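Reviewing the structure listed below.
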Amino acid sequence: MTFFKALGGGKVRKGSLLSFLNPWSPIYKKYNVIKDDVKDSNLKGEGSIFGGLYIVSTKGVHYQFIEKNFGDAAPIDQVLKVCKTVGTA
């Protein structure tokens, strides 16, 4: 849980599972985009904890993305750009 606490500024950030019941929730828009691409998934786990991404090296944190809505993902072009920069430093 340390990773999730770091993303949440010391607290584990959780979203409401009620957002899954709201047909206008952003999660349904995201689901419709990925439903055909995701073949191997499950409903195991906590389910309400927001995640994110850190790109770190021995020099520190180079990138941070914090999930604000269920299903948010870091922009891949930004992630790859930072990885290339860190990899050549």
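Tabulated values for the structure
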| item | result |
| --- | --- |
| Nearest-0.05 FRET efficiency for Lys11 and Val56, computed from C-beta distance (R0 30 Å) | 0.90 |
| Members of Lys11/Lys59; Lys39/Lys68; Lys14/Lys59; Lys39/Lys59; Lys44/Lys68; Lys29/Lys59 lying beyond 27 Å, as alpha-carbon distances in this model show | Lys14/Lys59; Lys39/Lys59; Lys29/Lys59 |
| Long-range HN-HN contacts of His62 with modeled amide H, under 5 Å | Ile55, Val56, Ser57 |
| Simple spin-label estimate for Phe4 and Gln78 in nanometres, 7 Å along Cα-Cβ | 2.3 |
| Stretch gain in nm, segment Tyr63-Asn22, where the contour uses 0.36 nm per residue and the Cα spacing is subtracted | 11.6 nm |
| Cβ-based net charge around Val12, under 13 Å, with every Lys or Arg adding one and every Asp or Glu removing one | +2 |
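FYI, it's all coordinate maths here, none of it is from the lab. Nothing here was measured: the structure is a model prediction, and the numbers come from that model. Methodologically, a virtual Cβ is constructed for each residue, glycine included, from the backbone with ideal geometry; neighbour enumeration extends over all protein chains shown.
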